[in-house]
Amino acid sequence: MSDILITEKIQGLAIDALGQSYDVKYEPNLWQNDAALRDAVGKTRAMIVRNQTQVTRALIAGGNSLKVIGRAGAGLDNIDVAAACEQGIVVTSTPEQNSLSVAELTLGLMLALARHIPAADRDTRVGNWSRQKFTGVELYGSTVGIVGFGRIGFLTAMRAQAMGMRVVISDPVVGPDAATVNAVGGYVLPLEQVLGAADFICCHVPCTPSTRLFFNADRFAQTKQGAYFINTSRGEVVDELALASVLKSKHLAGAGLDVRSTEPPTASVFDQMDNVILTPHIAAFTDQAQDRVIKAVCLDVAGVLEGKTPNYPA
Ligand code: NAD
């Protein structure tokens with residue numbers, strides 16, 4: 001029996017410190033092996049995961065001694081929280097510790113798309129010096145559409161505003177007079193108006209049953225001709241075939257995708273598209289964000305094992 005089971009690559013000083021007080025079993029590849037995962041979950045009091053371990057109802061049912069599941073990161077779509085609650089298992093996450101890094105990557109993708117930075121880099125490395133070919137657009141004066149105006153949407157909008165962009169927002173729980181909307185000089189509009197007005201559409205909705213395939217062919221058809229689409233939330237909220245189709249037809253000028261419907265993804269049409277920037281779900285991977293995330297999850301998991309209330313319960 002271990003105290004704490006870590007099923008993915010999660011390292012840092014806070015994990016080392018945890019090891020001084022608890023029996024920590026570090027198995028970074030366990031998420032890939034269903035049988036071994038089930039076996040290990042049956043023999044631990046706590047587990048720490050990122051987003052690759054699928055913590056299903058069946059897996060939780062086998063966690064006879066399991067008291068707490070700590071999710072190092074934001075988004076609980078890989079954990080059956082209801083099943084955990086029914087079994088009296090606490091689920092914790094780190095909802096705000098990596099938001100800033102995600103917002104920064106979103107802005108990075110926006111700039112990289114607007115100025116064709118990856119394509120220009122590839123072209124220059126093979127000996128070309130094609131200046132006109134990579135003529136871009138300025139962010140200044142353009143409109144960013146933030147779909148999902150929570151923590152990350154707000155931080156992205158603040159940065160976009162600082163670049164001189166106009167901010168339009170779609171979020172069912174955000175009113176036009178919310179302090180966060182005023183802080184970014186934004187306008188809350190119906191989704192179709194946001195899609196129709198935005199030169200850059202940034203997707204920041206969580207993945208839930210109601211947002212799965214949220215960006216489908218109908219929604220992409222409502223976007224402005226020549227707009228860019230950026231997804232740093234979850235791949236499952238986008239119908240990737242529909243996105244590929246509007247990119248191929250040049251209705252959308254480009255896309256930046258940090259997340260994919262299957263991760264790691266299989267080969268896809270995006271791989272051959274020069275106007276698509278692909279990153280391997282790295283939005284939260286900065287030294288600072290990882291430090292904050294790992295400290296927070298360790299604190300909460302140890303706290304629950306000691307009978308304390310967690311800071312970030314699901
Ligand atoms: P949050 O809960 O603070 O905000 C999400 C917002 O989306 C909420 O305000 C909610 O009302 C809104 N929303 C829900 N359904 C909507 C809809 N149909 N239309 C418009 N808005 C809708 O979450 P957050 O911290 O901003 O994170 C957003 C998501 O980003 C997370 O759920 C997670 O999936 C993802 N994320 C990705 C990474 C990464 O590494 N790429 C890292 C952290 C988080």
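Taken together, the values in this text are just the output of simple stated rules run on the coordinates, not laboratory data. For clarity, every value in this text was computed on a predicted model and none was experimentally measured. Methodologically, a virtual Cβ is constructed for each residue, glycine included, from the backbone with ideal geometry; neighbour enumeration extends over all protein chains shown.
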For the stretch 161-172, in order, what is each residue's ³J(HN,Hα) by Karplus, 6.51 cos²θ - 1.76 cosθ + 1.60 with θ = phi - 60°, in whole Hz (x at glycine and Pro)? 4, 5, 7, x, 8, 8, 10, 10, 10, 10, 6, x
Subtracting the Cα-Cα distance of residue 39 and residue 126 from 0.36 nm times their residue separation yields 26.3 nm
Nonlocal amide H pairs with residue 229, under 5 Å, H built at 1.01 Å: 201, 254, 255, 256
For the chain, find the longest principal axis of its Cα atoms and tell me its angle to the long axis of helix 99-114, 0 to 90°, nearest 10. 30 degrees
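Set the Förster radius R0 to 45 Å, insert the Cβ-Cβ distance between residue 20 and residue 82 as r into 1/(1 + (r/R0)^6), and round the FRET efficiency to 0.05.
Taking R0 as 45 Å, the efficiency between residue 20 and residue 82 is 0.85.
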The chain: D in µm²/s via Stokes-Einstein (Kirkwood Rh, Cα pairs, 10 °C, 1.306 mPa s)? 76 µm²/s
Round to the nearest 0.05 the FRET efficiency obtained for residue 173 and residue 309 when R0 = 30 Å and r is the Cβ-Cβ distance. 0.70
Using only the alpha-carbon atoms, how far is helix 287-305 inclined from the longest principal axis of the chain? Give it as 0 to 90 degrees, nearest 10. 30 degrees
Please list the equivalent ellipsoid semi-axes of the stretch 1-126, computed as the square roots of five times the alpha-carbon gyration tensor eigenvalues, in descending order and whole angstrom. 35, 16, 15
By average C-beta atoms within 10 angstrom, highest first, the peptides 206-218, 101-113: 101-113, 206-218
Can you tell me how much longer the chain between residue 65 and residue 249 gets when fully stretched, taken as 0.36 nm per residue apart minus their C-alpha distance, in nm with one decimal? 60.8 nm
Within the stretch 152-171, which residues have the backbone N less than 18 Å from the label spot 7 Å out from residue 140 along Cα→beta-carbon, could you tell me? 159-167
Potential lengthening between residue 218 and residue 11 on full extension [0.36 nm per residue; Cα-Cα distance subtracted]: 70.3 nm
